[in-house]
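Inspection log for the structure reproduced underneath, given as structure tokens.
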Amino acid sequence: MLNADVEVDRRDFTVRATLSVADGERVALFGPSGAGKTTILEAVAGLVGLRRGVVELGGRVLTAAGTGAGAGPVAVPPWRRRVGLLRQDPGLFPHLSVQANLTYAKSAAPDAAELAAIAAQLGIEGLLPAMPARLSGGQQHRVALGRLLLAHCDALLLDEPFASLDAALRRTLTALVKDLAAQRTVPTLLVTHQLSDAQAFADRLAVMDQGEVLQVGAPDQVVLAPAFRRVAELVGYLGFVPAAQPGLVAGVHPDRVAAGADPARGLVVTGTVIGARPSGAGWEADLRAGDAAFTCRLPGPPASDQVTVTVLDPPYFGPDGKRIESDVSIP
Amino acid sequence: MITLLIHLSPGDIASALTGAGDLDPLVTSLESGGLTLLVLVLVGTPLAWMLARGRLPLPRVWEAGLLCTLLLPPLVIGLLLVFMVGPYTPIGEFLGWLHQDATNTFLALVIAQVYEAAPYYVLGAQAAFAGVDTRLEEQAGLLGDRPFRVFWRVTLPLAAPGLSMALATAWARAMGAFGAVVIIAYHPFGLPLQIFTTLQETGLATALPYALVLLVVALPLPLAAYAWSARAERRRRG
């Protein structure tokens, strides 16, 4: 179990987060660049100091600072934390072969069978004598992942590890890491600014902005019921239209819009088409309804300048940006 | 080298170098050069690492100090060394208490060579360390290595090609050191001073063989460093 209740001072703001990740659980920290996600990983890894907070892993206190309780500050150095960190740059040691990289950790058992098994699982068994410079980006990430697995870390921290890879390879490696993390039953924390990566990987999603965790929950719950308008913006709501009640707005997610009027399923909005373009297997259209503008996906190009759509079961937000929990009647 | 060979016959070389004690300057240069390298490695390497990692207070002051020894004519360095370690200075008196003397001794020769060669090694080594990605060191730490082990297993091997080049340059500078040496360490003669005095006393024909000896003994180390550095880079590229 990983428990982190941390406050870290940065130049621009203070990062605050309280997270618990159970053994075998995968949590994704999702948010825009500069939100403070990596700072939290580095705090867990012991690479940055805390202004205040506690980091515990498997019952061991790794960091305790400014809490005013207990036996005073604790700062277990990174080399004794048994925490594995995989970044976007796989960080292979360029002067060592793949095999030497894999078995680099002191905690890596000199067990040829385990090395062979993990290499086979990662599909790198033929690369063991090669030098890292000879590997493709995907292969380097596999080796870096294998190195963490052989190190028998008590927690896995993944900092946008596959962000530089193409979408197909990213999906493959994300699935691989997901399986391996589940097998190892260690707490795993993924940092990403790609919602699709977070959804594909995580049991729970923590949405961060400006150093604060805004919402934590199951990925579909966070996407379908964002707690704040800001969360909605971050998880892909591309417009907010006025609801019947004054002061309330409904969030419009482009994927949760149906062409035509169906008041039983959601909020019906008629808007003027101000732009349209092919998108994936369908079309994406920008609509304006009164002062509000929003984007939605349609099965085909808009038939006219005026389009009526149904925003399916949208979340409603009050003037303070919080989601309105109670039912809002559909106008 | 080619010019030297054109102007030297085997007979000139043999007659200049086969007398008793003719090769003493060579031995002096090799010994003092070797000791200079040892001092530079032991003192200059940690200094360069601390400069590269920002672990020293006022780093610009340290860098300016190194650059001063590079910018000043070696002759001036020799004069300043007299003021620093001469017999009537606190350091000189301390050395005297230890029955040592830092003028016109082997120790003085090493001190002069160290001062002339240090900036070449330290600035080169600083660049080599700065070129090592600190995230690799961080990763090694997270994999369980203590800082010294990280230095030994990651930092040093990755900086080694640059360090060897810096050391080769420093060696070349130490072997050819003349300006500071002629002021503070006129005796014992190393090869550069032997060339100078022989030229003054008996002329070019007898001085040039020593220049050839200097080249022949000083070149292999830098050449080996170049070759090793290139081999390390090739190995890294797989």
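Every read-out reported here was derived from the displayed coordinates using simple, explicitly stated rules and does not represent laboratory data. The model shown is predicted, which means the values in this text are computed figures rather than measured ones. Methodologically, a virtual Cβ is constructed for each residue, glycine included, from the backbone with ideal geometry; neighbour enumeration extends over all protein chains shown.
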Inset, instruction - Within 10 Å of each residue's Cβ, count the other Cβ atoms and sort A:His193, A:His253 from fewest upward. - result: A:His193, A:His253
Legend entry - Where labels lie 7 Å past Cα in the beta-carbon direction, separation of A:Arg11 and B:Arg235 in nm: 3.9 nm
Inset, instruction - At a Cα cut-off below 13 Å, give the aspartates and glutamates reachable from A:Lys106, other chains included and same-chain residues fewer than 8 away excluded. - result: B:Asp145
Inset, instruction - Quickly work out the B:Thr18-to-A:Ser164 label distance, labels modelled 7 Å from Cα along the C-beta direction, and quote it in nm with one decimal. - result: 6.4 nm
Inset, instruction - Averaging sequence separations of C-alpha pairs under 8 Å and six or more residues apart, then dividing by the length of segment A:33-86, give the relative contact order as a whole percent. - result: 28 percent
Legend entry - Debye, to nearest 20: dipole size of the protein assembly as shown, +1 on Lys, Arg Cβ, -1 on Asp, Glu Cβ: 540 debye
Inset, instruction - Would you list which lysines come within 21 Å of A:Lys178, measuring only between C-alpha atoms, while excluding same-chain residues fewer than 8 positions from it? - result: A:Lys37
Inset, instruction - Treating the angle as unsigned and between 0 and 90°, give the value, to the nearest 10°, between the Cα long axis of helix A:137-150 and the longest Cα principal axis of chain A. - result: 60 degrees
Inset, instruction - Enter the Cα centre distance for the pair segment A:207-258 and segment A:46-92, rounded to the nearest angstrom. - result: 33 Å
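Within a 10 angstrom radius of each residue's Cβ in B:126-139, how many Cβ atoms of other chains show up on average? Whole number is fine. Show your work: numbers first, answer last.
Numbers: counts 0, 0, 0, 0, 0, 0, 0, 4, 0, 5, 6, 1, 7, 14.
Neighbouring Cβ atoms belonging to other protein chains average 3 per residue here.
Is the C-alpha gyration tensor of chain A telling us rounded, prolate or oblate? Criteria: a/c under 1.5 is rounded; beyond that, a/b larger than b/c is prolate, otherwise oblate.
Values: a/c = 2.92, a/b = 1.65, b/c = 1.77.
It comes out oblate by the Cα gyration axes.
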Inset, instruction - Work out the charge dipole of the protein assembly as shown with +1 on the Cβ of Lys and Arg and -1 on the Cβ of Asp and Glu about the Cα centre, then indicate which of A:Gly300, B:Val150, A:Ala35 is farthest towards its positive end. - result: A:Gly300
Inset, instruction - Find the centroid of the Cα atoms in segment A:102-169 and in segment B:60-130, then give the distance between the two in whole Å. - result: 49 Å
Inset, instruction - Let me have the 222 nm mean residue ellipticity of chain B computed from DSSP H runs of 4+ only, each contributing -39500 (n - 2.57), with the sum over all residues rounded to the nearest 500. - result: -23500 deg cm²/dmol
Legend entry - Positive dipole terminus of the protein assembly as shown, leading residue within B:Thr197, B:His187, B:Pro10 (C-beta point charges): B:Pro10
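Let me have the relative contact order for chain B, percent, based on Cα pairs under 8 Å that are six or more residues apart. Don't jump to the answer; show the numbers that get you there.
Working: 289 pairs, mean separation 70.2, N = 238.
29 percent.
Given the rule -39500 (n - 2.57) for each run of at least 4 DSSP H residues, summed and divided by the residues of chain A, what is its mean residue ellipticity at 222 nm, to the nearest 500 deg cm²/dmol?
One gets -6500 deg cm²/dmol as the mean residue ellipticity at 222 nm.
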Inset, instruction - Order by neighbour count: B:Ser15, A:Ser107, A:Ser304, B:Ser164, fewest other Cβ atoms within 10 Å first, most last. - result: A:Ser304, A:Ser107, B:Ser15, B:Ser164
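Using DSSP H assignments, which helices in chain B have an axial alpha-carbon span of 15 Å or above and a mean Kyte-Doolittle hydropathy of 1.6 or higher? Write down the numbers at each step before the final one.
Working: long enough: B:24-39 (22 Å, 0.94); B:59-71 (18 Å, 0.93); B:74-85 (16 Å, 2.92); B:106-130 (34 Å, 1.28); B:156-175 (27 Å, 1.06); B:191-202 (16 Å, 0.37); B:204-218 (21 Å, 2.35); B:220-236 (24 Å, -0.65).
Both cut-offs are met by B:74-85, B:204-218.
Quantify how strongly other chains surround peptide B:142-151 by giving the mean number of their Cβ atoms within 10 Å of each of its Cβ atoms. List each step's numbers first, then the result.
Details: counts 17, 18, 13, 5, 5, 3, 0, 2, 1, 0.
Per residue, the average neighbour count from other chains is 6.
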Legend entry - Length-normalised contact order for segment A:2-224 - Cα pairs under 8 Å, 6+ apart - percent: 30 percent
Legend entry - Along principal axes, Cα extents of the protein assembly as shown, largest first, whole Å: 112, 57, 55
Inset, instruction - Return the average number of partner chain Cβ atoms within 10 angstrom of each residue Cβ along peptide A:147-160. - result: 1
